[in-house]
Amino acid sequence: MIDARGYSCPMPVVMVQKAVKGKDPDTLEVVVDNQCSVENVTRFAKNSGYQVTVSDFEGDFKLVLKK
Amino acid sequence: MEKESFFKRYGLLIATGIVVGAAAVLLTAQGNPANMGFCIACFLRDIAGALNFQRAGFDAEVGTGIVQYLRPEIMGLVLGAALMAAVKKEFRPKGGSAPMARFLIAVFVMIGALVFLGCPLRMVIRIGGGDLNAVVGLVGFVIGILIGIAFLKRGFSLQRAYKQPLAEGLVFPGAMVALVILLAAAPAFIIFSKSGPGSQRAPWLLALVVALVVGALAQRSRLCMVGGIRDAVLFRDFRLVSAFIAIIVTVMVGNLLVGNGLTFSFTDQPVAHNEALWNLLGMVLVGWGSVLLGGCPLRQLILAGEGNTDSAITVTGFVVGAAVAHNFSLASSATGIGAGPVALAVACGFVVLAVISVMNLAKVEG
């Protein structure tokens, strides 16, 4: 799981980009703490061919990326 | 792959760009300096002047400097963002991500902006006004962003922020409310320029209301001048750039509509100089520093409105940088660059950004 809480954009997307690039995992979990990062990670994930579901995680946001 | 509709993807950002561009034209028509309907750097500099942190161009006869005024556009942007964030439950106080590094970066971003004469937003507005010097600035801005991105790709990060108490997040928006009160009350110890750009101002209530709307929209759309070019390069994501272009087009159309005309030239452009090297280098500092900060000066105001205390400290750094720039004659004017040690200051800026960039090349987790 990528814990990107406390990081503002573009760091969460950079972290996800690093995890996805070349490795192409089937699923990936990312936790972020602000709505802007939810939107940015979601957009990046969708453009990379993932489906995204967002849920609550200790008052923050957990994104599950699935191929 | 799920495809978003064009409207859903770009609609809000383009709408925000149009509103920002229109607001800039409107506020200029109503009294703000030319091609300066909205400029975060200039307006923070004016606020520094109103608080007597600088009194550039002081004229004993007139009794004031030329860039001193409590620009309500700044307070409106922050408070508009704060209100929108509160409504959308996005007001989440946080901070603690390298505040001193951010402060220092901000000081030099502001010095760079005042060597060029404008923040990235004013750069775009100047381009829309036909000022070709701003195109030179844009080249510098892109170079600066590319340098910043090179460090981002190598793992640059100012480390994470942490949740802060509500009271901490409210300090900066609270200070903005205090500035609005000072503006309305206009006590004698707050200085309003009687000549120069600081004396050219749209009616304050109009400026405040327009800025509240722009702040709220910018909060929703995450409008950011640096983010536009950064995301285009880094993620091939052109959403934010669309707002950038919308502002330029709107300002061009607006200038023609209100009869300002549109002359493309390097000379005789309002509140601008044509020393290309310094226009370029100033904006390299702004672009690079803003990538390290995670957003342009406008975006820092919006984030500060959302309770981000790192951005609040960044804005404080801008104000201090403006005071430094004017007190040491580093800021440019329409006649050219400042009489002070401009080259030394810009060189120091590059050294400081380089050191901070290299020292924070921690490995990104994950």
* Qualifying position, being touching a residue at least 60 places away in the same chain (Cβ under 8 Å), of a type outside the set (D, E, K, R) and over 21 Å from A:Cys36 (Cα atoms), among B:Gly215, B:Gly169, B:Gly174, B:Gly118 -> B:Gly118
* Among the listed residues B:Gly336, B:Gly259, B:Gly282, which satisfies the condition of being buried (at least 24 other Cβ atoms within 10 Å of the Cβ) and of a type outside the set (Phe, Trp, Tyr)? -> B:Gly282
* Criterion: within 20 Å of the chain's Cα centre (by Cα) and over 30 Å from B:Ser97 (Cβ atoms) - qualifying residue of B:Val226, B:Val249, B:Val258, B:Val177 -> B:Val249
* Hey, can you tell me all the residues within segment A:1-28 that are of a type in the set (Lys, Arg) and either buried (at least 19 other Cβ atoms within 10 Å of the Cβ) or more than 8 Å from every other protein chain (Cβ to nearest Cβ) (or both)? => A:Arg5, A:Lys21, A:Lys23
* **Any chance B:Ala312 is part of a loop (DSSP other than H, G, I, E, B), under 25 Å from B:Gly228 (Cβ atoms) and out of contact with any Pro (no Cβ under 6 Å at 6 or more places or on another chain)** => no
* Would you check which residues across segment B:326-357 are outside any loop (DSSP other than H, G, I, E, B), of a type in the set (Val, Ile, Thr) and touching a residue at least 60 places away in the same chain (Cβ under 8 Å) and list them? => B:Val342, B:Val346, B:Val352, B:Ile356
* Report yes if A:Val31 is buried (at least 17 other Cβ atoms within 10 Å of the Cβ) and part of a strand (DSSP E or B), otherwise no. => yes
* If we keep just the residues of segment A:39-55 that are out of contact with any helix residue (DSSP H, G or I) (no Cβ under 9 Å at 6 or more places or on another chain) and of a type outside the set (Lys, Arg), which is nearest to the other protein chains (Cβ to nearest Cβ)? -> A:Gly49
* Asked: Restricting segment A:34-49 to residues that are under 15 Å from A:Met11 (Cβ atoms) and of a type in the set (A, V, I, L, M, F, W, C), which is surrounded by the most Cβ atoms within 10 Å (Cβ to Cβ)?
  -> A:Val41
* Structure fact -> Of the residues in segment B:72-97, those that are within 14 Å of another protein chain (Cβ to nearest Cβ), assigned to a helix (DSSP H, G or I) and crowded, with 17+ Cβ neighbours inside 10 Å come to B:Ala81, B:Met84, B:Ala85
* For segment B:218-231, indicate whether the set of residues that are closer than 27 Å to B:Thr309 by Cβ, more than 14 Å from chain A (Cβ to nearest Cβ) and at pLDDT 95 or above is non-empty. => no
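The values are calculated or read from the model by the stated rules, or taken from the named source; none is laboratory data. A quick note: this is a predicted structure, and the numbers were derived from the prediction, not measured. Positions of Cβ are backbone-derived with ideal geometry, glycine not excepted, and every protein chain shown enters the neighbour counts.
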